[in-house]
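Here's the structure, in C-alpha cells; my notes come after.
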2 protein chains.
Amino acid sequence: MALVVMKFGGSSVADADKMKLVASKITAKKNLGNKIVAVVSAPGDTTDDLLEMADKITSNPPAREMDMLLATGEMVSISLLSMAIDALNEKVISLTGPQAGILADLDHTRSRIKKINPKKIKDLLAQNNIVIVAGFQALNRKGDFTTLGRGGSDLTAVALAAALDADFCEIYSDVDGVFTTDPRLVKEARKIDYISYDEMLEMAGSGAQVLQARSVEVAKKFGVTIHSRSTFSDKEGTYIISEEKIRRQKMEELLVSGVTFDKNQVKFTIIDLPDIPGIAANIFGALAKIGVNVDMIIQSAAVDKKNDISFTVSKNDMKKTQLELDKISPSFESARVVCDEHVAKVSVVGIGMRSNPGVAAQMFALLSKKGINIEMISTSEIKISCIVDKTDMARAVEELHKGFKLGKK
Amino acid sequence: MALVVMKFGGSSVADADKMKLVASKITAKKNLGNKIVAVVSAPGDTTDDLLEMADKITSNPPAREMDMLLATGEMVSISLLSMAIDALNEKVISLTGPQAGILADLDHTRSRIKKINPKKIKDLLAQNNIVIVAGFQALNRKGDFTTLGRGGSDLTAVALAAALDADFCEIYSDVDGVFTTDPRLVKEARKIDYISYDEMLEMAGSGAQVLQARSVEVAKKFGVTIHSRSTFSDKEGTYIISEEKIRRQKMEELLVSGVTFDKNQVKFTIIDLPDIPGIAANIFGALAKIGVNVDMIIQSAAVDKKNDISFTVSKNDMKKTQLELDKISPSFESARVVCDEHVAKVSVVGIGMRSNPGVAAQMFALLSKKGINIEMISTSEIKISCIVDKTDMARAVEELHKGFKLGKK
C-alpha cells in the first residue's frame, strides 16, 4: 500500500465528463490499495474568466481581493470532483488550501508556502477518505486566502507529498511526460523515463513548460518522486528523481538528456562601451530594478578601452529594456545599442556532461557542420546554451537531437 | 455616526455596472460618517449555474460538497465588490462567512447560525474599513463551509446587525419596500412606511416574498430595525420594527396593514370520515412525516358519526399528499377524498385587529357584498385568511384593499 498524491491540471477537469474520468482514475488507484490525496486546479478557463470579471471592475485590483476571487476556481473543482467520486460510492472529502493546513507568507498572488500542517489530511486518510485538495491556494497568518502564482497547483501537490511523506507525486496533464525535445518540432523525440531534478529545472528554464520550476525545487529539496504523466492514458510517464537514483537505475549513461529551445528571446548589444569599472553593474543593476530578467550575458575583451556587451532578455521585456537603456545611455558616451529580435536559444541538458567535458565541443561541432552560426554561448554544469539565428533554430534542434542520439531506439 | 449593515441581493450585483452602482451607494453612505458592513449574495444567476454544474456530475451530491461549491458564489461577489470600492479610494476588506465569525450548526444546505463572533469585524471597522461579508454562508465546528438555505443572505445581514448592535439593517432589493398589496394586481397599492415584525412574518407566509421569514424572526428577537428599500432609487423604503415602536410613531392606527394572496394552494377535502378519536392525528401525522406543510385545516361538526375535513397544502406538495392519502385511505372506511386546485388564499394582516374584534366581520361583509364565496376561514391574532375560488381572487384583493382604505391618499 502506497500513499500517492495525484495532481490534475485545469484541462483535466474542464467539464463534467473530464471530471468523471478523473474521478474514475482516482478511485481505480484507491482500489489498488493506495491512500490517495488528489490536488486539482480550477476547471479549464475559470481562472481567466475570473481575471476578466475583475478587469471589468478595475484595472488595479487589490491583491488580497484578487486572491479571494481566484480561490473560488479551485473550490469549484474540488467540490465537483468530490461529488463525482461520491457518485462512485467512495468515501471522499474536499479541502480548501487553508483547510488542508497549507500555510503561506503574507504576500498575495505569488505567496510562498511556509509550512504545512498535515494533521487533518492524515486523520481523514486514516478514516479511509480520498482527500481532494484545492491547488494553488493557502492561508496566511491573518486568516486570508493567498495564491501561489502561476503553476501553483504543482507546488501544492509536491509540498503535500513532502509533508505527508508520500511514495509518489503524480502530476497529470495532457502530455505523456517529459520528452527529449518538443515532438511537434522533431518527430523522433522520445519520452524520457527518468530525469533528475536539476535537468528538469534546466529544461523548464529553457522553455519546456511541463512542471512549475518551484515545484521541482521543492521536490529536490525533500526528495519527492514526481511522476509526470497523461490524464488521458494509462502509460507510464517520466519519473523526476534525484541524480543518485538515476545513476543507480541507468544501465548506460547518456551525455545529454534533452534538447530545448526558446524562441521568445531578444538580444541586445551595446557596442563600443567605455571600459570603465562598474559600468556593467550599472546597466544590469538598472534592469534588475525594473524587474527585467537578463538571461545570457557576454562581454568581449577590451580593445582601445572599449568593450562590446551582449545580453538576452525575454521578448515580453523588450520594450521595458529599451526604455531603460535610453534612460541610462548618457553614461555610455559614444556607445550604440543594437536590438536583435531574430534570435533563438538552443540548449542541451544532461547530468552526463558533469563527467564528460567534451559535450560543449561536440555541440559546437554539430552546429558548425550544418553551417549554423553561434552568436552567444553560456554554460552551466549540466546545460550548454547557444544563441542562433531564429531561422536556424529548428535545424539546430534536430541536428543536436540526432547527434546526441536522443531519438527513438 | 451610525453603524449600518447594508444587504444587497444577487440582482443588485449581477454585473460589473451594478457592482459599481452598489459600490458607490456604499461609499456614499460611508462618507456621510457611518460605519458600514455590507452583506452580499452571489451575483445574478451564479447559484443556479453552480447547481446546474453539480447536476451534470450527479443527481445526489453530498450536502457538504454542495455547500463548498455554493460558497464560491458569494466569494466572487465580495471580492469583486471590494475591488469596486477600492477603485473609489475607500479602505475596504472582504470576509467570507467563516472569516466574519459566523458560526453554524453541523447541518448542510440549510444550517442555522449558532453564534457570531464579531471581534474581527469590529477591529476592521475600528481601522476605518468598509467590511464586505459573504451572505448565506457560515462555518461549522468541523471547519467546513455551511449555507443557510434560500434567502440566507437576509439572515446573515440581520444576525450581523444584531451581533454588532447596528443602528439599521438595510435590505436592498429591486422593489421599493413592502406594499399594502401587490402593485401588479392593485394599482392603488401603497408603500408601507412602518410595519411590525409580526405583520411582516404574516405577510411573508401569505406569499409576499420581500424578506426571508427567519431573518424577520431574528430581527424581532434582537430588536433589529430593518429598512427594506430599493437598490435603484434613493427613496425611503419600509421600516420593519417592533409593534411598540409603531404604536408610538403612528398618529392614526390602521385596522389592517396589508392584503396578501397566494395562488399556490390546493384544497383537499375528506368527505364522510368516520368520527373516531385520533383519525385526524393519523392523517396529519402521516403528512407531517413526509414533509408536507399543511396550511389551513377545518373540520365540520360530526353528523351521524361522520365528519368532513378540509385542508390546504402548497401546490408543490399536491402529488405527495395524494399518494399519502391513497396509502392511508383504508382507515377512512367509506370516506372520499376530493382535491380542488381552483382555490386561492386571500388574507388581511394588521396589528390593529388585536384591539378591534370587528375586522373579521368586516372582511366577510366586503367579500359577500361582491358575491364572493368563502370556502374556508382561518384566523390568527393579526391575520384573517379566506380560501376563495381562484377566479375571485383578484376581485377579492381589490375589494379588501379598498374596503380597508389601504390605497394611496
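The values are calculated or read from the model by the stated rules, or taken from the named source; none is laboratory data. Please read these numbers as outputs of a predicted model, since none were measured by experiment. As a convention, Cβ positions derive from the backbone with ideal geometry for all residues, glycine included, and neighbour counts pool all protein chains shown.
Restrict the check to region B:138-154 and report whether at least one residue is crowded, with 24+ Cβ neighbours inside 10 Å, in contact with a Gly (Cβ under 6 Å, 6 or more places away or on another chain), modelled with pLDDT of 95 or more and assigned to a helix (DSSP H, G or I). Yes, that holds for at least one residue. For region A:200-207, the condition of being more than 23 Å from residue A:355 (Cα to Cα), assigned to a loop (DSSP other than H, G, I, E, B) and touching a residue at least 12 places away in the same chain (Cβ under 8 Å) holds for at least one residue. Quick one: in region A:71-91, of everything that is facing another protein chain (nearest Cβ under 8 Å) and β-branched (Val, Ile, Thr), which residue is nearest to residue A:156 (Cα to Cα)? Among residues in region A:71-91 that are facing another protein chain (nearest Cβ under 8 Å) and β-branched (Val, Ile, Thr), the one nearest to residue A:156 (Cα to Cα) is A:78. Taking (1) of a type in the set (D, E, K, R); (2) in contact with a Lys or Arg (Cβ under 6 Å, 6 or more places away or on another chain); (3) within 14 Å of another protein chain (Cβ to nearest Cβ) in turn, residue B:119 satisfies each apart from (2).
Only one of these is of a type in the set (Phe, Trp, Tyr) and within 21 Å of residue A:190 (Cα to Cα): A:332, A:404. Name it. Outline the logic, then answer.
Details: A:332 fails: within 21 Å of residue A:190 (Cα to Cα).
The unique qualifying residue is A:404.
When you check residue B:295 against the structure, is it farther than 21 Å from residue B:278 by Cα, surrounded by 13 or more Cβ atoms within 10 Å (Cβ to Cβ), among the acidic types (Asp, Glu) and touching a residue at least 40 places away in the same chain (Cβ under 8 Å), yes or no?
So residue B:295 fails the test.
Of all the numbered requirements in (1) under 15 Å from the mean Cα position of the chain (by Cα); (2) assigned by TED's automatic domain parsing to the domain that holds residue A:292, residue A:266 misses one, and that requirement is (1).
A Cβ distance below 6 Å, combined with a sequence gap of six or more or placement on separate chains, defines the contacts here; from region A:42-64, residues that are of a type in the set (S, T, N, Q) reach residues that are at pLDDT 95 or above in the pairs A:46/A:73; A:47/A:73; A:58/B:83; A:58/B:87. Filtering region A:365-380 to residues that are on the phi < 0 side of the Ramachandran plot and without any contact (Cβ under 8 Å) to a residue 60 or more places away in the chain leaves A:365, A:366, A:367, A:368, A:369, A:370, A:372, A:373, A:374, A:379. Filtering region B:164-176 to residues that are crowded, with 22+ Cβ neighbours inside 10 Å and under 10 Å from residue B:237 (Cα atoms) leaves B:170, B:171, B:172. The set of residues from region A:177-224 being buried (at least 17 other Cβ atoms within 10 Å of the Cβ) and of a type in the set (Ser, Thr, Tyr) comprises A:180, A:181, A:196, A:197, A:206, A:215.
In region A:51-78, which residue that is under 27 Å from the mean Cα position of the chain (by Cα) and small (Gly, Ala, Ser) is surrounded by the most Cβ atoms within 10 Å (Cβ to Cβ)? Only one residue tops the list, namely A:77. Checking each residue of region B:27-50 against the condition of being touching a Gly at 6+ places or on another chain (Cβ under 8 Å), more than 10 Å from chain A (Cβ to nearest Cβ), charged (D, E, K, R) and buried (at least 20 other Cβ atoms within 10 Å of the Cβ) gives no match.
Would it be correct to say that residue B:135 is under 24 Å from residue B:16 (Cβ atoms) and away from chain A (no Cβ under 12 Å)? So residue B:135 passes the test.
Total residues in region B:310-345 satisfying the condition of being within 27 Å of the chain's Cα centre (by Cα) and either more than 14 Å from residue B:286 (Cα to Cα) or buried (at least 17 other Cβ atoms within 10 Å of the Cβ) (or both): the figure is 17. Pull up region A:218-270, narrow it to residues that are of a type in the set (S, T, N, Q) and part of a strand (DSSP E or B), then point me to the one that is farthest from residue A:296 (Cα to Cα). Ranking the candidates gives A:230 first. Taking residues in region B:346-359 that are among the basic types (Lys, Arg), and partners anywhere that are surrounded by fewer than 24 Cβ atoms within 10 Å (Cβ to Cβ) and modelled with pLDDT under 85, not one pair has Cβ atoms closer than 7 Å while being at least 6 places apart or on different chains.
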